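Asks: Before I ask anything, here is the structure I am working with.
The values are calculated or read from the model by the stated rules, or taken from the named source; none is laboratory data. These numbers come from a predicted model, not from an experiment. Quick reminder, even Gly has a Cβ in these numbers, built from the backbone with ideal geometry, and neighbours come from all protein chains shown. Areas reflect the complete protein model, heavy atoms only, side chains present, ligands, DNA and RNA absent. Shrake-Rupley method; radii C 1.70, N 1.55, O 1.52, S 1.80 Å.
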Amino acid sequence: MEAAGGDLGVMVTFRGERARGRPLGFRAGVAEDRPDELAVFGGVDLSRMLGPARADFPLDVALVGGAGLSVGEGGALLSFPFGVSLGGTVRAEELVVAPYLTPRVVVDAFFDGDDVPDRDDDDLDLDLAVDIGVDLAFRRGWAIRFGATLGRDALAIGIVF
């Protein structure tokens, strides 16, 4: 992944068996932060399905939220995203394509580190971000996920199993 505000990183997420029915997920990882030092991060994800796709509205709709913490030489960041996820599923013979779009508001609380030249103090921000992506499932039980976040400039490619 290319983390927002940082550089290259690695993240692992866990949502349990059959994620569609699990409202709680966890994530953890490591990435380069602004002063090019390593930062560790983790968080919790919550979701609540509002409605599955129907003939009159072909998208799944879910409320999503979470809390995250990143700590590194550049300081600490607490992040609280909340939004609505819209997605669908297109099934072909040996491929399942699941695109999604998730607009969300994000409350960030930044606590200054010693080595960040552009930041002199703590900061509280409210931002808008939009996640866009697609899952490509070639076999039952695993998929390749592509995702990007507009407004926070993050990019990720992953394997879901």
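Asks: Hey, among the residues in region 10-35 that are modelled with pLDDT under 90 and under 17 Å from D153 (Cα atoms), which one's surrounded by the most Cβ atoms within 10 Å (Cβ to Cβ)?
Replies: Applying the filter and picking the extreme gives D33.
Asks: Still on this structure: With the structure loaded, tell me whether V105 is open to solvent by 50 Å² or more (accessible area, probe 1.4 Å), of a type in the set (V, I, T) and part of a strand (DSSP E or B) or whether it fails that test.
Replies: On the way: open to solvent by 50 Å² or more (accessible area, probe 1.4 Å): yes; of a type in the set (V, I, T): yes; part of a strand (DSSP E or B): yes.
So V105 fits the description; yes.
Asks: Considering only residues that are open to solvent by less than 80 Å² (accessible area, probe 1.4 Å) and not in a strand (DSSP E or B), look in region 53-85 and name the one that is farthest from F14 (Cα to Cα).
Replies: In this case the residue turns out to be G74.
Asks: When you go through I132, I157 one by one, which is the residue that is within 22 Å of M11 (Cβ to Cβ), open to solvent by 50 Å² or more (accessible area, probe 1.4 Å) and either touching a residue at least 60 places away in the same chain (Cβ under 8 Å) or touching a Lys or Arg at 6+ places or on another chain (Cβ under 6 Å) (or both)?
Replies: Numbers: I132 fails: either touching a residue at least 60 places away in the same chain (Cβ under 8 Å) or touching a Lys or Arg at 6+ places or on another chain (Cβ under 6 Å) (or both).
That would be I157, the only listed residue that is within 22 Å of M11 (Cβ to Cβ), open to solvent by 50 Å² or more (accessible area, probe 1.4 Å) and either touching a residue at least 60 places away in the same chain (Cβ under 8 Å) or touching a Lys or Arg at 6+ places or on another chain (Cβ under 6 Å) (or both).
Asks: So which residues in region 136-154 are more than 30 Å from D108 (Cα to Cα) and either among the hydroxyl-bearing types (S, T, Y) or open to solvent by less than 100 Å² (accessible area, probe 1.4 Å) (or both)? Break it down stepwise before answering.
Replies: Residues of region 136-154 more than 30 Å from D108 (Cα to Cα): 136-143.
Selection gives L136, A137, F138, G141, W142, A143.
Asks: It is to be established whether one or more residues within region 134-143 are more than 24 Å from D36 (Cα to Cα), in contact with a Gly (Cβ under 7 Å, 6 or more places away or on another chain) and modelled with pLDDT of 95 or more. Show your work before the answer.
Replies: First, pick out the residues of region 134-143 that are more than 24 Å from D36 (Cα to Cα): 134-143.
Right, trim to in contact with a Gly (Cβ under 7 Å, 6 or more places away or on another chain) and you get none.
Checked region 134-143: no residue is more than 24 Å from D36 (Cα to Cα), in contact with a Gly (Cβ under 7 Å, 6 or more places away or on another chain) and modelled with pLDDT of 95 or more.
Asks: Restricting attention to region 137-161, which residues are among the aliphatic types (A, V, I, L, M) and over 17 Å from the mean Cα position of the chain (by Cα)?
Replies: Initially, region 137-161 is screened for residues among the aliphatic types (A, V, I, L, M), giving 137, 143-144, 148, 150, 154-157, 159-160.
Listed by number, the list holds a single entry, A137.
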